[in-house]
Structure formats: C-alpha cells, structure tokens
Amino acid sequence: MQTTTIVYICIAVLISALVAIFHYYYKTKKRTKKLVLFSFLRFLSVFALLLLIINPKFKQTSYYTEKPILTIAVDNSSSITELGYDTKVNDIVTTLKNSQELNDKFEIDSYTFSSTLQESDTIDFSGVQTNISKALKDLNKLYKNAIAPTILITDGNQTYGNDYQFISSKIKQPIFPVIAGDTTTFVDVKIDQLNANKYAYLKNKFPVEVIATYTGNETVQTNLVLTADGKRVASQALTFSPTDNSKVVNLNISATKIGVQTLRATLTPLNEEKNTQNNSRYFAVEVIDQKVKIALVSDIIHPDLGAIKKSLESNELRGVDILKPNEASGKLNDYQLIILYQPTTKFQEVYDNIQRLEKNTFTITGTQTDWNFLNDVQSSFRKDDLAETEEVQGQLNSNYTNFLIENIDFTDYPPLENAFGDVEFNVAHEIILTQIISGVSTNSALLATYSEDSKRAAILAGENIWKWRANSFLSQENFIEFDTFLGKLVQYLASNKKRERLTVGYESFYYGNREIQLTAQYFNPSYEFDSNANLTAIIKNTETDETTTYPMLLNAGFYTVDLNNLPPASYTFTVRAEGKNISKSGSFKILEFDIEKQFLNADTPRLQSIATKTDGKAFHIDDNPEKLINSLLNDQRFKTIEKSNEKVVSLIDWKYLLAFIALLLALEWFSRKYYGLI
C-alpha cells in the first residue's frame with residue numbers, strides 16, 4: 001500500500017471522529033452512555049464511506065503448480081503405412097498416453113501432422129504430403145514460453161518445406177524422435193527429382209532434367225526412358241556405382257501438338273530392387289502457340305521494375321520487356337499490354353501511340369509522377385498535383401467482379417507511397433483495393449480497373465510495390481500469393497474477351513499429391529456477384545465414362561468444389577447455374593504421383609541430427625518404450641514448477657463493505673428511534 005494512501009486513511013479516521021463528536025457531543029448538555037454507542041456507529045459508517053472514496057488497493061497472492069507439457073507429434077502421412085510401421089506407431093502412441101508415470105509428471109498434448117499440424121487423437125495415415133519443418137515450427141510457437149519436450153514419431157521423410165534439421169537453432173524445446181522405419185539400406189535406383197517447364201511452344205523443343213540416384217554397393221546399369229502416349233520419345237543408358245551414385249540427365253523433347261502433353265520418365269528396375277514405385281514419374285507440359293508480351297515503360301530506375309518483371313514472368317506464358325519511353329514508342333504494337341510506370345512529359349509519344357493503336361494499359365503512379373501531364377494526356381481519371389506525399393495501405397474489395405481474386409489480407413502488407421490526394425474517375429470503374437490512411441479506411445481507390453470502349457485499363461496509386469512481393473515471401477515463404485494476384489490482374493488487362501456472367505478457375509493439369517479444386521464466380525445480369533446462386537459441377541472421367549455431380553459451395557466470395565478424391569485420369573467438366581441457361585465447360589488431367597511411396601526406409605541421419613542439436617535423444621520404434629519413458633522421467637530439466645499469481649484488488653470491489661455501511665446506518669437509526677431521539 002502506498003504512503004499517500006496511508007496518509008489519506010489517517011485523515012479519514014480524523015474526519016470520521018470529528019463528524020461523530022460534532023454530531024453527538026457538540027452543544028450537547030446531557031451526555032449519556034448511549035451517545036458513545038451512537039457516535040461509534042457514526043464513526044464507523046463515515047469512515048467506511050471515506051474508505052470507499054479513497055479506494056485503497058491490496059495485493060493478493062495465490063500459488064499453484066504447473067507440470068511440464070509433453071507433446072506427442074505423430075506423422076499421419078501414408079508413407080508410414082507404405083513402410084509397414086502403422087501398427088507399431090499406434091501401439092507406441094497408446095503406450096505413451098496410458099503411462100501413469102508420464103501422466104503424473106507431464107500434461108500430455110497429442111498432435112498429428114502431414115502437410116499441417118493438427119491437435120488430434122485420430123491417426124489414419126491418410127496424409128499425401130509431409131512437412132516436418134512446419135510441424136516443429138508450429139509446436140515451437142505454441143509452447144515458446146513453456147517447458148515442453150516433444151516426442152516426434154515419424155519416418156523422417158519430408159516431401160516439401162524447409163529442411164527440418166536446419167531449423168534446430170530456432171527450436172527451444174528438446175526433441176525426442178522415435179524413428180518409424182527400417183534403418184537397413186536396400187539396393188535401389190530412383191528418380192529423385194524431375195524438372196520441366198509447365199509450358200512449351202509449338203514446334204519447339206522443351207528441356208527435361210531428371211536427377212536419378214542409386215543406393216547400393218555394386219556397379220549397376222539401367223536405362224532412363226521417356227514415353228508419351230506409350231511411345232518412346234527419348235532414352236539414355238546410365239551406369240551407377242557406390243562412388244558415382246547420382247546422375248543429372250538433360251533431354252530435349254519436341255512439342256508436336258497443342259494441348260496438355262503427358263509424359264512418363266522411367267528407370268528400368270534392378271533385379272534386387274524392393275521398391276519400384278520410385279522408378280517412374282509422370283509429368284505434363286502444356287503446349288501453346290503464343291505468349292503474352294508486356295511492355296514495362298519507365299524513365300526511372302526503381303526496385304518496382306524488377307519486382308514486377310520477376311512476378312509476371314513467374315508464369316512462363318508471359319514475357320516482360322523493360323523499355324525507356326523513347327524505345328517503346330515504335331514497338332508498342334508488339335505487346336498486348338503496356339505498363340506505364342510513373343509517367344512524365346517524356347511519355348507523350350507513348351500515349352499518342354497507345355491511343356492510335358488502342359492498347360490496354362496499366363498505370364502505376366508514385367512520388368515522381370507528373371500529374372499535370374497525366375491529367376492532360378488522358379481523360380479517364382485525374383488528380384491534383386500536390387507536393388506532399390503520404391503512405392497508404394490497401395483493403396481488398398470483396399465485391400470486385402471482373403476476375404477471381406483470392407481473399408488476401410492487404411492490411412498486413414506494407415504501405416505504398418504516393419502523392420497526397422485522391423484519384424477522381426471520369427469513367428465507370430471498379431475498385432479492387434481501397435485506401436487505408438493512418439489506420440482509417442476510406443472509399444478512395446488505391447487500385448482500380450476501368451474500361452473505355454473496347455480498351456481495358458487499371459491504375460495503382462502508389463509506388464514500392466516491391467515491398468508487397470517481399471512481404472508475401474516473409475509471411476508465406478514463397479511469392480505465390482502476390483504473383484498470383486498480380487498475374488490475374490495482368491491476365492484480365494491483356495485480354496479483350498467479352499465479360500461473362502460465369503467464370504471458372506482451374507489448371508489444365510494437376511499432380512496427384514496436390515490440392516485439386518475448381519473455383520467459380522456467378523454474376524447477375526447487372527454483373528453483381530450473386531451469393532444465392534445454385535452452381536453444380538459435373539465431372540466426367542473420360543477413361544471410364546463415369547460422371548459425378550458435385551454441388552459448389554460458397555466460400556469467401558467464390559463457389560468451390562474439392563476434387564481431391566478423384567483418381568488419376570483425364571476429366572471433362574461442366575459448371576452449370578441451375579435454373580439458368582448458363583454453363584462453362586473445360587477439361588483437366590490428374591497425373592499419377594504419390595510422393596509418399598517413394599521411400600524405402602526412414603531418414604535416420606536427419607532425425608538423429610535434430611535430436612542432438614536440440615539436446616534430445618533419438619529412439620527406434622522397435623526399442624522398448626520404457627527406455628523413452630525412463631529418459632523423460634529422469635531428465636532433470638522437466639520439473640514441476642510452483643508459480644505465484646499476484647492480483648491487485650481494489651476495496652471498492654468488496655461488495656460486503658457496502659452492506660456493512662448500510663447495516664451501520666440502519667443500526668444507528670433504529671437505536672436512536674428506539675431511545676426517542678428521532
């Protein structure tokens with residue numbers, strides 16, 4: 001309790017005493033013993049009221065014990081079943097959970113993981129991907145302030161994500177891997193990795209890179225064969241030895257017809273091989289006969305230029321040339337879209353040619369934009385040319401209808417910089433991103449599209465878009481989110497196709513281990529998104545003629561259908577708006593590939609490495625579980641901790657004091673009434 005509070009309480013005592021004395025003794029001629037009782041009651045009631053006004057605070061301390069947490073993370077991918085260890089994994093999990101000694105010492109939390117980490121007791125080994133690195137990172141975030149050793153039950157075979165043995169410096173908790181897999185080395189040749197472009201051009205050759213590896217103690221020979229539609233298109237003999245156990249093979253294949261070309265790379269199996277499923281791999285290339293060419297015109301050097309070029313060219317269907325205004329003027333007819341970066345008076349001839357050729361444009365403005373020139377050279381939008389600058393963030397308009405946009409939270413992206421003021425449009429437009437300035441949402445456009453006659457155009461009112469692409473990598477560990485968004489915008493701008501009420505998003509081919517999903521948007525006759533539409537997807541397997549109808553569900557501004565249960569084959573589909581004469585058709589292929597079947601044994605070295613680096617210890621699933629249990633019980637790092645919880649309590653929160661005051665006043669009143677003083 002503070003000194004000032006004690007002083008106030010002393011003053012309250014004095015005031016209460018003076019009030020009681022003044023009321024019962026001042027100018028009182030006859031002083032009886034009853035006055036002592038009345039004055040005491042008055043003193044207590046006044047003092048209690050003054051205490052409520054002073055409201056002193058008291059510290060209340062409670063003590064409790066906290067047991068360390070034991071997390072059991074179980075690999076739920078299908079590779080555990082392929083290696084034949086699913087029963088043993090279930091057995092050891094049951095043993096650990098039912099151990100009374102472990103339950104007495106630890107709070108046990110159970111998780112399963114494949115591509116993501118989930119809090120679950122259900123183990124069905126159905127995962128088609130394994131990301132051990134992400135599972136460990138998520139556990140580290142969940143228990144960063146706790147004592148929480150982790151039992152990691154897995155074969156150690158990670159199919160994507162960062163290498164988990166190199167994230168050990170970021171993990172605070174010791175890891176105890178339980179290795180679920182054979183440690184014996186078998187003779188094996190396999191296609192470790194296959195690299196091919198997603199697109200190729202008709203009558204050109206496209207490169208295919210195959211990385212083949214060998215495990216064994218003898219020199220062996222095999223053949224690498226590439227086939228398309230059952231016909232051999234390329235082959236090469238390979239020789240492996242214990243010292244020369246990896247080959248990188250580069251082949252060039254001719255693109256002979258437009259469409260999706262499915263190919264298969266196969267290594268001839270060895271006689272002693274145990275697993276031949278990793279000897280072959282399907283892949284596909286979409287053959288096209290043209291490429292979207294984009295001119296990025298700028299008179300300044302800026303990081304945005306490189307970021308835009310890299311982002312757009314991440315899709316091989318697009319090519320971007322960075323040009324000076326004087327270089328671009330005579331070449332504009334070679335491009336489907338012109339990106340105008342921070343236009344100035346040097347762009348005069350470029351704008352003249354754009355108007356003459358009726359080219360689609362994407363204007364990006366910033367702190368070096370000449371708005372007086374821009375207001376004069378075109379009439380679609382304008383903005384006052386002010387010297388001040390401001391930082392603006394974006395907020396996605398979920399009602400945008402021109403093309404499908406994923407639900408990206410742009411409020412987490414860094415702000416862009418632009419000249420102060422709002423862009424005013426003189427033509428019909430649709431806003432993709434509105435502005436947020438100093439945390440306040442506005443209706444002003446940060447990014448918008450508009451059309452004039454047959455031309456499509458867009459404007460982004462801000463520079464430093466490179467920060468958005470960098471932020472996408474920092475949050476997602478890849479550029480996909482930003483590149484997909486910018487790619488869809490440019491795809492819309494580079495096309496002059498008539499607007500459609502039903503649009504469908506899909507890939508021409510999918511790998512069997514990836515997410516397979518169709519997305520659609522449906523608009524009413526006024527081209528407003530219709531959230532009450534009834535869309536169905538009719539999927540037909542062209543190899544078996546089996547047809548299945550799926551309802552499409554509304555999810556974050558899209559109608560979606562999950563097709564992960566479809567087997568590898570060629571499919572056609574029709575998305576139909578029920579009750580309307582509107583539908584959209586297409587086709588796709590699902591390529592056969594199960595990465596979880598590519599492994600022969602457990603990745604013991606990596607699991608032992610992460611155990612050592614985190615001060616844990618590795619065990620094999622065939623070991624007696626008591627070894628692991630005793631190791632955890634005897635580890636002095638994992639102790640129950642007594643903690644205190646200190647809480648500051650205000651006197652005004654004590655409700656009984658109010659009742660006490662009421663009781664004192666009532667008692668004083670009734671006493672005085674009883675003795676005839678009232």
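Give me the three principal axis extents of the range 174-285 from the C-alpha atoms, as integers in angstrom, largest value leading.
52, 39, 23
When Lys and Arg each count +1 and Asp and Glu each count -1, what net charge do the other residues less than 14 Å away from Ser441, Cβ to Cβ, add up to?
-2
Amide H of Asp530: which non-local residues (sequence gap of 5 or more, or other chain) have their own amide H closer than 5 Å, using H built in the peptide plane?
Tyr522, Phe523, Asn524
Just how far, in whole angstrom, is the range 123-155 from the range 77-109 if you go by their alpha carbon centroids?
Using only Cα atoms to place each centre, the spacing works out to 14 Å.
Which whole-number percentage describes the relative contact order of the range 69-116, with Cα contacts under 8 Å and a sequence gap of 6 or more? Present the calculation step by step, with values, prior to reporting the outcome.
Details: 36 pairs, mean separation 34.0, N = 48.
Result for the range 69-116 is 71 percent.
Each residue of the range 435-441 in turn: what ³J(HN,Hα) in whole Hz from Karplus with 6.51, -1.76, 1.60 and θ = phi - 60°, glycine and Pro shown as x?
Taking θ as phi minus 60°, the curve returns 8, 10, 10, 6, x, 9, 6 Hz for the range 435-441.
Could you state, as a whole-number percent, how many of the C-alpha pairs of the chain are farther apart than 35 Å?
Numbers: 145406 of 229503 pairs.
So the portion of pairs separated by more than 35 Å is 63 percent.
With just the Cα atoms defining each centre, how far is the range 645-665 from the range 433-447? Give it in Å.
Their Cα centres are 49 Å away from one another.
Could you work out [θ]222 nm for the chain from helices alone, using -39500 (n - 2.57) per DSSP H run of at least four and dividing by all its residues? Round to the nearest 500 deg cm²/dmol.
Helix-only estimate at 222 nm: -8000 deg cm²/dmol.
Quick check on my link table: of Lys97/Lys190; Lys331/Lys488; Lys141/Lys309; Lys67/Lys655; Lys33/Lys673, which ones sit more than 28 Å apart, alpha carbon to alpha carbon?
Violating the 28 Å Cα-Cα cut-off are Lys97/Lys190; Lys141/Lys309; Lys67/Lys655.
Taking Cα pairs under 8 Å and at least six residues apart, what relative contact order does the range 292-493 come out at, in percent?
21 percent
Give a residue-ordered list of calculated ³J(HN,Hα) values for the range 543-553 (Karplus: 6.51 cos²θ - 1.76 cosθ + 1.60, θ = phi - 60°; whole Hz; x for Gly, Pro).
For the range 543-553, the Karplus-derived couplings read 8, 10, 6, 7, 10, 10, 10, 10, x, 9, 9 Hz, x marking Gly and Pro.
Give the residue list of trypsin sites (Lys or Arg not before Pro) in the range 172-224 that are DSSP loop and have at most 13 other beta-carbon atoms within 10 angstrom.
Lys172, Lys203
In whole Hz, with x marking every Gly and Pro, tabulate ³J(HN,Hα) for the range 298-306 from phi via Karplus 6.51 cos²θ - 1.76 cosθ + 1.60, θ = phi - 60°.
Once rounded to whole Hz, the list reads 8, 9, 10, 9, 8, x, 4, 4, x.
Tally Lys/Arg at +1 and Asp/Glu at -1 over every other residue whose Cβ is under 10 Å from the Cβ of Ile123; what's the total?
-4
Could you work out the relative contact order of the range 502-595, using alpha carbon pairs under 8 angstrom and six or more residues apart, expressed as a whole percent?
Averaging sequence separation for qualifying contacts and normalising by length gives 35 percent for the range 502-595.
Enumerate the amide H contacts of Val233 below 5 Å, restricted to partners 5 or more residues apart or on another chain; note that Pro and chain-start residues carry no placed amide H.
It is Leu226, Thr227, Ala228, by chain and number.
Which pairs break 22 Å Cα to Cα here: Lys137/Lys643; Lys205/Lys293; Lys231/Lys589; Lys257/Lys584; Lys105/Lys170?
Flagged as over cut-off: Lys137/Lys643; Lys257/Lys584; Lys105/Lys170.
Output the Kirkwood hydrodynamic radius of the range 435-526, Cα pairs only, in Å rounded to one decimal.
Value: 16.4 Å, from the Cα pair sum.
Return one number: the angle in degrees, 0 to 90 and rounded to the nearest 10, between the long axis of the Cα atoms of helix 655-674 and the longest principal axis of the Cα atoms of the chain.
Helix 655-674 and the main axis of the chain meet at about 20 degrees.
Throughout, read-outs are computed from the coordinates displayed, never taken from laboratory work. Quick caveat, the model's predicted, so the values are computed rather than measured. Note that each Cβ is placed from the backbone with ideal geometry, even for glycine, and that neighbours are counted across all protein chains shown.
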